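The values are calculated or read from the model by the stated rules, or taken from the named source; none is laboratory data. Keep in mind the model is a prediction, meaning the values are calculated, not measured. All Cβ positions, glycine included, derive from the backbone under ideal geometry; neighbour counts span all protein chains shown. Note: accessible area is taken over every heavy atom of the protein model, side chains too, but ligands, DNA and RNA are not part of it. Shrake-Rupley method; radii C 1.70, N 1.55, O 1.52, S 1.80 Å.
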Amino acid sequence: MEATQKVRNPVEKIRVSSGSAIVLDLIEGFLNAKPTTAYLLTYLEGKCSANCAFCPQARSSSGNTDMLSRVTWPIFGADRVFSKLANSVQRRDTLRVCIQALNYPNVLQDLLTIAETIKSEGITVPISISCQPLNKEEMKKLKEVGVERLGISLDAATESIFSRVKGNIAGGPYSWERHCQALLEAVEVFGKGRISTHLIVGLGETEREMTRIIQWCVDNHVNPALFAFTPIPKTTLEDGNQPALSHYRRIQLARHLIVKGETRFDKMVFGKDAHITSFGVSQEVLRREIRSGTPFRTSGCPNCNRPYYNEKPSGPIYNFPIQPSHKEVEEIKRQLRTFLDGKK
Ligand code: SF4
């Protein structure tokens, strides 16, 4: 019996985020910060069958199909992507692969084939997949071909916002209940800490609502990855605004302290407009964590740093793709000064 059977690869084309394409030497370009994860996107002639209000890939969006968030994702031949990926992993430029899925009938087959090919080519890199809810059998198939982590994006902090931006009100195929259930099932299949969900700050939720869903994620062994809402042209939410930086910093800090087990939602205090007024930790812990800069880095799977997914390199920076500098931490302290009782 031949040792490893080469997998026939029906996937001809793959989209690659422009930053990852530069790191993989697929295109030339300058990067302020290099993605440490290679971001791939399943290729589809046409639009996604879902209809998320913030997404240029959405069924009813007339947005550019080269875009996901504010990033362009050019198309490449799949075989070329795999050989460049192998080199980049060897150079240790790429520490993870994330395959983002559009929603279309054959998507599971494409995800299986891409993951299987990466493994069969002997490319030793952990694979994450970010996709719509799948059933347990489908998730098990992904795990069997070597997928390490799965992301199923709630995006919204509450059921009502969910239905408005990606559920029935948005004309989308998704339900809050099915998404939550799929996250719990994914933890059963892949294990605790191997599942993530994306949460977009700035879709109309309060800080209390965002903090509560972060706590729900952590209590159910799901890793919450934060995104700042980014208005994209020709999407339903193109006229929306990005969240205020101080608001985003409070949510980043809350997420970090909850994930680290330093506090819990029910220990925190919320004031007017359900804004956070206390994180439920000592000043010493607060200052230590803020000073570290770590809470303000991109959150998600290990080595997922998503440079400039939600902001221009010129800033303001929401998710820091690399460790914030001393000057940047000083600026963050100013954004959170009300919590630092005037002691810098
Ligand atoms: S957190 Fe990052 S690596 Fe993980 S699924 Fe999301 S985008 Fe992909």
Test: residue in the range 43-52 that is in contact (Cβ under 8 Å) with a residue 60 or more places away in the chain, under 20 Å from residue 235 (Cα atoms) and of a type in the set (Gly, Ala, Ser): yes
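Taking strands (runs of 3 or more DSSP E) that do not extend beyond the range 53-149, which have at least 1 residues that are at pLDDT below 95 and closer than 21 Å to residue 18 by Cα? Spell out how you get there, then give the answer.
Values: elements: 75-77, 96-100, 127-131.
In the range 53-149, there are no strands (runs of 3 or more DSSP E) which contain 1 or more residues that are at pLDDT below 95 and closer than 21 Å to residue 18 by Cα.
Going by the conditions given, is residue 264 open to solvent by 30 Å² or more (accessible area, probe 1.4 Å), modelled with pLDDT of 95 or more and more than 16 Å from the ligand (Cβ to nearest atom)? Reasoning before the result, please.
On the way: open to solvent by 30 Å² or more (accessible area, probe 1.4 Å): yes; modelled with pLDDT of 95 or more: yes; more than 16 Å from the ligand (Cβ to nearest atom): yes.
Spelling it out, residue 264 is indeed open to solvent by 30 Å² or more (accessible area, probe 1.4 Å), modelled with pLDDT of 95 or more and more than 16 Å from the ligand (Cβ to nearest atom).
Is it the case that residue 298 is within 16 Å of the ligand (Cβ to nearest atom) and surrounded by 14 or more Cβ atoms within 10 Å (Cβ to Cβ)?
Working: within 16 Å of the ligand (Cβ to nearest atom): yes; surrounded by 14 or more Cβ atoms within 10 Å (Cβ to Cβ): yes.
Judged against the criteria, residue 298 is a match.
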Within the range 110-158, the count of residues that are within 18 Å of residue 196 (Cβ to Cβ), out of contact with any helix residue (DSSP H, G or I) (no Cβ under 7 Å at 6 or more places or on another chain) and surrounded by fewer than 18 Cβ atoms within 10 Å (Cβ to Cβ) comes to 1
Looking only at the range 321-333, decide whether some residue is within 22 Å of the chain's Cα centre (by Cα) and farther than 29 Å from residue 54 by Cα. no
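Based on this model, can you work out whether residue 212 counts as open to solvent by 40 Å² or more (accessible area, probe 1.4 Å) and either more than 29 Å from residue 59 (Cα to Cα) or away from the ligand (no atom under 16 Å from the Cβ) (or both)? Walk me through how you get there before you give the answer.
Working: open to solvent by 40 Å² or more (accessible area, probe 1.4 Å): yes; either more than 29 Å from residue 59 (Cα to Cα) or away from the ligand (no atom under 16 Å from the Cβ) (or both): yes.
The answer is yes for residue 212.
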Run down 204, 191 and say which single residue is touching a helix residue (DSSP H, G or I) at 6+ places or on another chain (Cβ under 7 Å) and small (Gly, Ala, Ser). 204
Answer yes if at least one residue in the range 308-315 is in a helix (DSSP H, G or I), out of contact with any Gly (no Cβ under 6 Å at 6 or more places or on another chain), under 17 Å from residue 230 (Cα atoms) and open to solvent by less than 10 Å² (accessible area, probe 1.4 Å), and no otherwise. no
Is the range 31-38 home to any residue that is within 16 Å of the ligand (Cβ to nearest atom), in contact with a helix residue (DSSP H, G or I) (Cβ under 9 Å, 6 or more places away or on another chain), of a type in the set (D, E, K, R) and in contact (Cβ under 8 Å) with a residue 60 or more places away in the chain? yes
Counting only residues that are free of Cβ contacts under 8 Å to residues at least 60 places away in the same chain and either farther than 25 Å from residue 255 by Cα or in a loop (DSSP other than H, G, I, E, B) (or both), the range 157-177 contains a total of 6
Is it the case, given these coordinates, that residue 284 is touching a helix residue (DSSP H, G or I) at 6+ places or on another chain (Cβ under 7 Å), farther than 27 Å from residue 148 by Cβ and either within 16 Å of the ligand (Cβ to nearest atom) or free of Cβ contacts under 8 Å to residues at least 60 places away in the same chain (or both)? no
Note down all Cβ pairs under 8 Å where the first residue falls in the range 97-108 and is over 18 Å from residue 52 (Cα atoms) and of a type in the set (Lys, Arg), the second is in a strand (DSSP E or B) and within 8 Å of the ligand (Cβ to nearest atom), and they're at least six residues apart or on different chains. none
Name the residues in the range 230-261 that are within 16 Å of the chain's Cα centre (by Cα) and open to solvent by less than 10 Å² (accessible area, probe 1.4 Å), would you? 248, 251, 252
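Might you check whether a residue that is within 28 Å of residue 329 (Cβ to Cβ) and either within 16 Å of the ligand (Cβ to nearest atom) or of a type in the set (Phe, Trp, Tyr) (or both) occurs anywhere in the range 237-247?
We begin by selecting, within the range 237-247, every residue within 28 Å of residue 329 (Cβ to Cβ); these are 241-247.
Among the residues that remain, those that are also either within 16 Å of the ligand (Cβ to nearest atom) or of a type in the set (Phe, Trp, Tyr) (or both) are: none.
No: zero hits.
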Provide a single number: the residues in the range 29-58 that are within 26 Å of residue 109 (Cβ to Cβ), crowded, with 16+ Cβ neighbours inside 10 Å and either in contact with a Gly (Cβ under 6 Å, 6 or more places away or on another chain) or not aromatic (Phe, Trp, Tyr) (or both). 16
